[in-house]
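Heads up: the structure comes next, in structure tokens.
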Amino acid sequence: NGKTVKLELYDSPSNSRFRMAGSSFYRTAHAFVFMYDTTNKESVQSLSSMSQEVQMIANDDVVRVIVGTKSDLVDERQVEKSDVWGFAESWHSSVFETSAKDGSHVDKTFVTLA
């Protein structure tokens, strides 16, 4: 629609030992991007705990977007989009699979956040 939007992005570590440092940002955030690596099945396991933490601290109306990375590495894929649909449905969130290498769906992710 032609509007300019300013987005501030903060990277919070998925390791719970370091994650609480970011919790002060959670209270005022309008959106969260939960990322997983499509070439690493274990990366999906952290989605649930990260979302629970956000739910305890953040506003109820916060937007959640789930982003799978490395979608260009088709032969190394361990996680299918269907593996994260349960999270997406329960959080009422969008799911995107992106590639930093070819740029696919990166723009759609940011448009959804804006």
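The values are calculated or read from the model by the stated rules, or taken from the named source; none is laboratory data. Everything quoted here is computed from the prediction, not taken from an experiment. Don't worry about glycine lacking a Cβ; one is built from the backbone with ideal geometry, like all the others, and counts go over all protein chains shown. The protein model used for the area step is the full one, side chains on, heavy atoms only, and it has no ligands, DNA or RNA in it. Shrake-Rupley method; radii C 1.70, N 1.55, O 1.52, S 1.80 Å.
Distances between placed amide hydrogens fall under 5 Å for residue 67 paired with 34, 35, 36, 96, all partners being 5 or more residues away or on another chain. Taking a ≥ b ≥ c as the square roots of the Cα gyration tensor eigenvalues, region 42-95 comes out prolate, since a/c reaches at least 1.5 and a/b is larger than b/c. Projecting the Cα atoms of 34, 79, 7 onto the charge dipole of the chain (Cβ charges, centred on the Cα centre) puts 7 farthest toward the positive pole.
Per-residue surface analysis assigns residue 9 an accessible area of about 110 Å², computed on protein heavy atoms at 1.4 Å probe radius. Comparing 46, 71, 82 in a Gaussian network model of the chain (Cα springs below 10 Å), the most mobile by mean-square fluctuation is 82. For residue 79, nonlocal amide neighbours, meaning residues 5 or more places apart or on other chains whose placed amide H falls under 5 Å from its own, are 40. A straight chain from residue 72 to residue 9 at 0.36 nm per residue would run longer than the Cα-Cα distance by 20.3 nm. Is the C-alpha gyration tensor of the chain telling us rounded, prolate or oblate? Criteria: a/c under 1.5 is rounded; beyond that, a/b larger than b/c is prolate, otherwise oblate. Here the chain falls in the oblate category.
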